[in-house]
Amino acid sequence: MADFNKDLTQGSVTKQLIKFATPFLLSNLLQALYSVADMIIVGNFRGEIGITGVSIGSQVNILVTGAAMGLSVGGTVMIAQYGGQKMFKEQRRTICTMTTIYLILSVVLTAAMLLLCHPLLKLLNTPVNAYQETANYYNICMGGMIFMFLYNAISGVLRGMGDSKRPLYFVLIAAITNVVLDLILVGKYNMGSAGAAWATISSQALSVIISLAYLIKKKFFAEYKLEDLKIKKEQLVPMFKIGIPSSIQSLVVSLSFLTLTALINNLPNADIASACQGIGGKINSFAILPGLAISSAISSMAGQNIGAGEYKRAKKTMYIGMVMAFSVSTIVFAVVNLFPEFLISLFGIGDNPEAIATGARYVQIISFDYLFASIMFCYNGLAIASGNTYIALLNAVVNGICVRVPVAYFLVNVMNMGFDGVAYAMGFASIGGIIIGAIFTATGKWKKRAVGIN
């Protein structure tokens, strides 16, 4: 077990963070490529109806998997802090408990979400002409949820132990497979959103198989026995304590966006607006990746340092990460604002001038969030590293429930700003999170270790 752990408490903070964060960023880029490739290819073969189907189906998929993936945050933090304290027996118990919980959750949530398909799509005011495409994508992705759970569990374990390279290799194979299958199933066999969904879950399954094969080859499981898969209360309680706020955070974020989807689907130009929201969401999923990747790297690296009592090094990790994230996000912000029409046209609606103009304006307005969110994510990274995941949850509640949704409804329904109102609400929602993060960091409460010896 100790052989898999990489010590992130020594050496240059800047070099360590860049080295550790780069695979995170590339992994996230490739994972974002899954859904973007789905939408681009479906859009070029099925037009706006296909885009809407993938967009709405993806948002529900993210809602469920994102909420469940919050538990991996709890596991990753505990694995990192146990590693920093050289408590490898407890680290192994955490891995076993997390794996068992994930297997149970994947089965329960798959069954529940398949039953809720039609009520959810109706609740979201899914356009009639895109309803079947949406249902196809939704049901197939929900049916393959176990592969997404297992991949994220394996990646969470490796990253908590200081290895961010192997998850990159696994997702690279999956991303390439996904694009190839998209072109075959959607392009050649004209399967629409269903083909895109089959491509996604098939590539995820391949990623899980390859990652498990690697771990078996490297004798990762040599110290494990079948009975180790029992859920250990000593690991389960802190894992839930740390992970549940992250799950709720993801749930809050997703629900806020789904609420905006329902609002957009009631606009006079709902067909175009819904497609543009979907495209903007995919561009956004790429644009915020630098901040998310560096935040995840901060969580793992600062987690080890907090576990080892290296508090100054943990805080320095956050600030260096913040400079890195903001710098890269500024470049992304500039690209989006210089070439918005080109980016929108990539999704197969180049023959619709109104859609191009609407989408271009939308992404330009929401692009301000790329700058604000990059800073907020880094504050979240340090809070999560210390086990104080409620800070990220608080930010999500403030940004989504207190700002994004009510401001959007006010601008759309009171100020009659239409689709632009939604964009402005999204573009500036993260400012409150920056304030909360700065206050929390200043209090020093993050210095208390979440697990092990205090």
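The values are calculated or read from the model by the stated rules, or taken from the named source; none is laboratory data. Note that the coordinates shown come from a computational prediction; the quantities given were computed from them, not determined experimentally. Please note: Cβ atoms are built from the backbone with ideal geometry, for glycine as well, and neighbour counts cover all protein chains shown.
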>> Which numbered condition in (1) of a type outside the set (A, V, I, L, M, F, W, C); (2) closer than 30 Å to Q81 by Cα; (3) within 23 Å of the chain's Cα centre (by Cα) is the only one that E310 fails?
In response: (3)
> For the range 120-127, does any single residue satisfy the condition of being more than 22 Å from the chain's Cα centre (by Cα) and without any contact (Cβ under 8 Å) to a residue 24 or more places away in the chain?
Replying inline: yes
> Does any residue of the range 344-361 turn out to be over 22 Å from T261 (Cα atoms), of a type in the set (S, T, N, Q) and surrounded by fewer than 19 Cβ atoms within 10 Å (Cβ to Cβ)?
Replying inline: no
> So which of F377, F440, F428 ends up being farther than 30 Å from M87 by Cβ and either crowded, with 23+ Cβ neighbours inside 10 Å or not acidic (D, E) (or both)?
Replying inline: F428
> If we keep just the residues of the range 205-220 that are over 23 Å from M145 (Cβ atoms) and surrounded by 12 or more Cβ atoms within 10 Å (Cβ to Cβ), which is nearest to the chain's Cα centre (by Cα)?
Replying inline: F220
> Can you name the condition, by its number, that C117 falls short on among (1) closer than 30 Å to K233 by Cα; (2) surrounded by fewer than 19 Cβ atoms within 10 Å (Cβ to Cβ)?
Replying inline: (1)
> Which is part of a helix (DSSP H, G or I), modelled with pLDDT of 85 or more, of a type in the set (A, V, I, L, M) and over 25 Å from F286 (Cα atoms), of L411, L382, L394?
Replying inline: L411
> Mind checking which residues of the range 98-138 are among the small types (G, A, S), modelled with pLDDT under 90 and over 28 Å from I272 (Cα atoms)?
Replying inline: S106
> For E133, all conditions in the list (1) surrounded by fewer than 21 Cβ atoms within 10 Å (Cβ to Cβ); (2) touching a residue at least 24 places away in the same chain (Cβ under 8 Å); (3) more than 30 Å from L26 (Cβ to Cβ); (4) of a type outside the set (S, T, N, Q) hold save one; what is the number of the exception?
Replying inline: (1)
> Of the conditions (1) surrounded by fewer than 13 Cβ atoms within 10 Å (Cβ to Cβ); (2) in a helix (DSSP H, G or I), N190 fails just one. Which one is it?
Replying inline: (2)
> For V253, all conditions in the list (1) surrounded by fewer than 12 Cβ atoms within 10 Å (Cβ to Cβ); (2) within 19 Å of the chain's Cα centre (by Cα); (3) not acidic (D, E) hold save one; what is the number of the exception?
Replying inline: (1)
> How many residues, within the range 275-327, are polar (S, T, N, Q), buried (at least 24 other Cβ atoms within 10 Å of the Cβ) and closer than 30 Å to N352 by Cα?
Replying inline: 1
> Looking at (1) in contact with a Cys (Cβ under 8 Å, 6 or more places away or on another chain); (2) under 15 Å from L267 (Cβ atoms), which is the one condition that is false for L411?
Replying inline: (1)
> Is at least one residue of the range 308-321 in contact (Cβ under 8 Å) with a residue 12 or more places away in the chain and within 29 Å of S58 (Cα to Cα)?
Replying inline: no
